[in-house]
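The values are calculated or read from the model by the stated rules, or taken from the named source; none is laboratory data. Here the structure is a predicted model, which means the values were calculated and not measured. No Cβ is skipped: glycine too gets one built from the backbone with ideal geometry, and neighbour counts run over all protein chains shown. All accessible areas refer to the heavy atoms of the entire protein, side chains included, with ligands and DNA or RNA removed. Shrake-Rupley method; radii C 1.70, N 1.55, O 1.52, S 1.80 Å.
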Amino acid sequence: MIMHSNYGKVVRFSRIFKRGRTFIVAMDHGLESGVVPGLEKMRDAVEKVLVEGVDAVMVSFGAAKHVIDVAAGRASLIITIPEDEKFVLRALKMGADAVKTTYFGQIPLAYEKLYSFSKIARACEEYGLPYLIELVPVDSSGKVIYDVSKVITAARIGAEIGGDFVKIPYTGVVESFKLVVESCFKPVVIMGGPKAEDEYEVLKWVEGCVKAGGAGVAFGRNVWQHKDPSGMARAIGKIIHMGLTAQEALKEIKSS
Amino acid sequence: MIMHSNYGKVVRFSRIFKRGRTFIVAMDHGLESGVVPGLEKMRDAVEKVLVEGVDAVMVSFGAAKHVIDVAAGRASLIITIPEDEKFVLRALKMGADAVKTTYFGQIPLAYEKLYSFSKIARACEEYGLPYLIELVPVDSSGKVIYDVSKVITAARIGAEIGGDFVKIPYTGVVESFKLVVESCFKPVVIMGGPKAEDEYEVLKWVEGCVKAGGAGVAFGRNVWQHKDPSGMARAIGKIIHMGLTAQEALKEIKSS
Amino acid sequence: MIMHSNYGKVVRFSRIFKRGRTFIVAMDHGLESGVVPGLEKMRDAVEKVLVEGVDAVMVSFGAAKHVIDVAAGRASLIITIPEDEKFVLRALKMGADAVKTTYFGQIPLAYEKLYSFSKIARACEEYGLPYLIELVPVDSSGKVIYDVSKVITAARIGAEIGGDFVKIPYTGVVESFKLVVESCFKPVVIMGGPKAEDEYEVLKWVEGCVKAGGAGVAFGRNVWQHKDPSGMARAIGKIIHMGLTAQEALKEIKSS
Amino acid sequence: MIMHSNYGKVVRFSRIFKRGRTFIVAMDHGLESGVVPGLEKMRDAVEKVLVEGVDAVMVSFGAAKHVIDVAAGRASLIITIPEDEKFVLRALKMGADAVKTTYFGQIPLAYEKLYSFSKIARACEEYGLPYLIELVPVDSSGKVIYDVSKVITAARIGAEIGGDFVKIPYTGVVESFKLVVESCFKPVVIMGGPKAEDEYEVLKWVEGCVKAGGAGVAFGRNVWQHKDPSGMARAIGKIIHMGLTAQEALKEIKSS
Amino acid sequence: MIMHSNYGKVVRFSRIFKRGRTFIVAMDHGLESGVVPGLEKMRDAVEKVLVEGVDAVMVSFGAAKHVIDVAAGRASLIITIPEDEKFVLRALKMGADAVKTTYFGQIPLAYEKLYSFSKIARACEEYGLPYLIELVPVDSSGKVIYDVSKVITAARIGAEIGGDFVKIPYTGVVESFKLVVESCFKPVVIMGGPKAEDEYEVLKWVEGCVKAGGAGVAFGRNVWQHKDPSGMARAIGKIIHMGLTAQEALKEIKSS
């Protein structure tokens, strides 16, 4: 069980997590990339993925304003904010259940990054709003590092900073991901990365993550760029919340 | 549909209201009366009433801390606060979906009361937290006035102050209560008053309220002082959310 | 011309005043009286009076939220606030073009009143929001005093405090009202008082007010309790803005 | 319809937009270029373009102070501010109906730009003041890029950041501009760029923009550097607000 | 006895210090290094070292939240914070008995460092929370300097800034360390540095430190990376608080 000695976090976590598991759909790509295929029309895109089993949508501040009545009452809003703690109160006022910061860079973190994420963690503690800290190790060419020791380090630093849950890459293997989960004292969700060729592979990631004790996923393109976004969302949701295997979940998806 | 030009209120209202209707269980009696039969053990009492159809529990600040993990993820918390707008941010931090103030007194309101409730409405606007304003007209001996013109006045003043929904007495008759609903431009919920002798009578109030266009009820003793609190809550919830008649809802309650 | 060395006031005054004249419809009675005949349904009531010639509607904070999209783009909102300067920024955020305080009491003012209205004037200066200060002299039984020396005193005190325009009773006679206008260095608008028996009498007040150099009126019941609110509003508007006599304006009103 | 869950934005948008369309005259060139032909005398220049159909003038902070009484009551002020959120409250106090930031640079945006515009969007949300975010993609030599995919990206990023309306280049073709409009979930206005040789070409841009679903234009030099600024403004206004074709609108302009 | 004319510091110091001596276990390595052997599971790691004689655990903000109920009532929490005085109030709210900043760099300090640590000292004075200032001189290659004159300078600067106790390297010799203690007007605790090969050597440091008048130690890896963390902690605690020699303390440790 996830315990917080912070009332607001207990309440808000209870909306994002069901029995310790969560399925977040990441839809905040527009901030950095503009229009991404699958997200052309945000309200429609949100509508499609809001199936049973999806607990939250992760969006930018601008998109949050645009989709708020679509999501309200059906899923939590997680708002992606800049590295500035003043956005925490703004997100709280708007009804978000968590804020997220994005980091692709070197692990361990430079002092300035530790500092700015620490300020957000502090504000989140003050306001009772959970903090999802994304820490993705990349190499000098900007490629994500899936190496287990790097991922372990990233996850743990996220927790030490005061993140309430951590978003990191999936190491690809249940056994190694177990080490990530065990040495991070906060719930861990995995990122999806670029759209995979094979939907079965994606579902295996999800199955592996939860088998290893991970809390769930924050997937984007692998959900809404799939030819059947609702089916894909349903499939992932059933692995996370109902314990289906990747194989069993496949039948949720429309064969094309 | 309930519309707010305030993002946080849109989000939080969507958790208290389902298709414009709400069933709130009032459990904030301890502040004024200490231990009230039925509320001896708050966590058990909350557990009992948290059946399908109950949208929110209304509790004191202290009780909120005590029952937060019982209610979290199952129903909204509405926190009863003093006439001081500084409690609004505190309630927001704690994860409440609304705050409520209590008023039993003369209607119309004295200036000081208008002023202090207005300050709470202002803070609620600032923070995106819905304000449930309870305005109950009483006579010089402290007895609740159910007279329709007094109730109309009370409800409307609550809306003019800036309350987002209003809690007032039920006038007892569908036709007269329709006048209350029509002249109050915010959703109206009815209070329960002292425990009724007859559960059927209570259910008829609920049926009358929603028939007249009321948004629902905020009942206390008539739920948790009933010999079958869960059954009574289920019955009321089905009238409010599923359109059952009082007669039909009776079978939800265990016959003793 | 009305000059302010305060940019925001210049801009907002330009929306309330046309060539130095204004017609405000007062609709803030609900705060003190609940449902007043003619204001049962606020959106409809606002819709009816928003005819050519009406410059602003004066409403409570709660009603402002309710009618905002009806009035937006068609007339200014003047929000009636409690005696607390913190409501000034709130009103500004909501898009009001002025705030108003209500005062029925002894003239000259007791120090506490001078002080609280002064604080609102200070905040209005800070935020560039015009302040309509209503100062109505009443006798010990609460009856409005129309005596010219009292009204002169009230109007001048309103300007001295820092009100940007002043709402006071009409003295009933052009000559005496000229004295009010001349000794008050800010624009003066007259209140309507209780509904008059005779619409012609009301129109004569308006004619007298503008003849004396008054800026216009802030009328309520004599507009929306009239059997033809739109016609009555048109008639008053034409006296104020187009210089019609009361007699000429009468034909705007539907004969019953 | 343009919907905001923010009262102040509803009110202020209603002054800039008429039935979803707007015509803004950009006059903020002095900040970067000093005296630009056509803007030598700001008050005269504003006077000339304030014809029927013009909804707003966009000026620097300094010019706003200078022309405020010319524009007041006739058109909205949109103030061009530095990348500093503290100017938002200042603009609000001065009576602006929106603030604008200027950006000519690479698209997508570097993090520092995303961050500083996000802070302005946050402040605008707080204060109820609409934010017009201009994002103009330029190549390494500083030339504006009209390529549709770049413009789509720019427009969408503006909306994701939290801009309330977005100013971008016109792609030149109705079909391609439709893609911009459809993938940006906020209203889009086009910039004018350098003065065109041919007034008919300019009017065709306007016609194309609104045909594609665009909200209107924010034009400068092509209005006030025209030999008949008032005529040109009238022509553009009629295309935007009355649905004239470029051809039909031509006759508003004095032939020289 | 350590005297403060600051009530909160008197009370909190009395929990960290016993008769002027203290044994702090440093466990804040995760922030910079992620998972460090011995700290894989923070709650277990804290549990193991919380033996008789340990007065405080020093952890990150995130770890503090995680281990708070393990440590509560058994040892003080010292929270390692960024160089930002706003974390002082946060740490106070969370129940810490001190805050600590980390500094490895040149001694004397550059002005910016003096300034930022001074701000923390000021906040600690304000809030009554002791400030443990760590100042570790390192050479250009980043290696710790154990030279006595550098250590004396570091310790004294820590006290001059307003630190309530200072963490510096051990100079290795009782006589030289006496000079450090004598010229620093605040209590001095020594850091452990990398894990020593020989536990006896570590215990000799402790013995030397207290012999020289030092207040105690803030050791990490030499405690929880030892094969018998509880035994090692007991041994160190007995040297500090019961005056055992290193030799005598050795028998507290399980021979492997």
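Tabulated data for the structure shown
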| read-out | value |
| --- | --- |
| Pairwise centroid distance, computed over Cα atoms, of segment B:159-231 with segment C:210-256, Å | 43 |
| The protein assembly as shown, Rg to Rh (Cα coordinates; Rh as Kirkwood inverse mean 1/r) | 1.01 |
| log₁₀ of I(q)/I(0) at q = 0.07, 0.10, 0.16, 0.18 Å⁻¹ - chain B, Debye sum with one point per alpha carbon | -0.20, -0.42, -1.20, -1.57 |
| Per residue accessible area of the protein assembly as shown, 1.4 Å probe, in Å² | 37 |
| Chain C - percent relative contact order, Cα under 8 Å, separation 6 or more | 19 |
| Shape call, segment B:1-138: gyration tensor on alpha carbons, a/c limit 1.5 | oblate |
| For segment A:1-51 and segment C:9-60, distance of Cα centres in Å | 43 |
| Total formal charge among the other residues, if their Cβ is under 15 angstrom from that of C:PRO194, Lys/Arg +1 and Asp/Glu -1 | -2 |
| Summed side-chain charge close to A:ILE239 - residues other than A:ILE239 whose Cβ falls under 11 Å, Lys, Arg +1, Asp, Glu -1 | +2 |
| Other-copy label distances relative to B:VAL173, 7 angstrom Cα-Cβ extension, nm | 5.2, 7.2, 8.0, 10.3 |
| For segment D:196-201, Karplus couplings with θ = phi - 60° (6.51, -1.76, 1.60), whole Hz, Gly/Pro x | 7, 5, 10, 5, 5, 4 |
| Computed label-point distance, nm, for sites E:LYS211 and E:LYS143 using a 7 Å Cα→Cβ extension | 2.6 |
| Proximal charge balance of B:SER14 [Cβ under 13 Å; K/R count +1, D/E count -1] | +3 |
| Cα→Cβ-extended label distance, 7 Å offset, between D:HIS66 and E:GLU160, nm | 5.4 |
| Label-point gap, in nm, between C:ARG43 and C:LEU114 - each point 7 angstrom along Cα→Cβ | 4.7 |
| Shortest-first nm distances, B:LEU250 label point to equivalent points in other copies (7 Å, Cα→Cβ) | 5.7, 6.5, 8.3, 8.9 |
| Peptide D:89-99 - average C-beta neighbours from other chains (10 Å radius) | 5 |
| Three-way shape label, segment A:34-86, alpha-carbon gyration tensor, a/c 1.5 | oblate |
| Of all accessible heavy-atom area on segment D:117-256, the percent that carbon and sulfur account for (1.4 Å) | 51 |
| Choice from E:SER33, E:SER149, E:SER76 showing the highest fluctuation, given a GNM over chain E with Cα pairs closer than 10 Å | E:SER33 |
| Potential lengthening between C:ARG122 and C:VAL173 on full extension [0.36 nm per residue; Cα-Cα distance subtracted] | 15.0 nm |
| Virtual paramagnetic centre 7 Å along Cα→Cβ of D:ARG19, amide N under 20 Å, in segment D:44-62 | D:51-56 |
| Estimated FRET transfer efficiency (B:GLU201, E:VAL11; beta-carbon r; R0 56 Å; 0.05) | 0.40 |
| Members of A:LYS86/B:LYS119; B:LYS113/B:LYS167; A:LYS178/A:LYS204; D:LYS9/D:LYS167; A:LYS9/A:LYS119 lying beyond 20 Å, as alpha-carbon distances in this model show | A:LYS86/B:LYS119 |
| Within chain A, helix-based [θ] at 222 nm, where runs of 4 or more DSSP H residues each add -39,500 (n - 2.57), nearest 500 | -13500 deg cm²/dmol |
| Total accessible area lost when A and B pair, probe 1.4 Å, Å² to nearest 100 | 1800 |
| Three-way shape call for segment E:145-256 based on the alpha-carbon gyration tensor, with the a/c threshold at 1.5 | prolate |
| Solution diffusion estimate, µm²/s, Stokes-Einstein, segment C:64-131, Kirkwood Rh from C-alpha pairs, 25 °C, viscosity 0.890 mPa s | 193 |
| Gaussian network model of chain E, Cα within-10 Å springs - most flexible of E:PRO187, E:PRO37, E:PRO108 | E:PRO37 |
| Reduction of at least 20 Å² in accessible surface, 1.4 Å probe, comparing all protein chains with the chain by itself, residues of segment B:105-135 | B:PRO108, B:TYR111, B:LEU114, B:TYR115, B:SER118, B:ARG122, B:GLU125, B:GLU126, B:TYR127 |
| At least 10 Å² of accessible area lost relative to the chain alone, listed for segment A:171-209 with a 1.4 Å probe | A:GLU182, A:SER183, A:PHE185, A:LYS186 |
| Ordering of B:215-227, A:132-144, D:174-186 by packing [mean C-beta count within 10 Å, highest first] | B:215-227, D:174-186, A:132-144 |
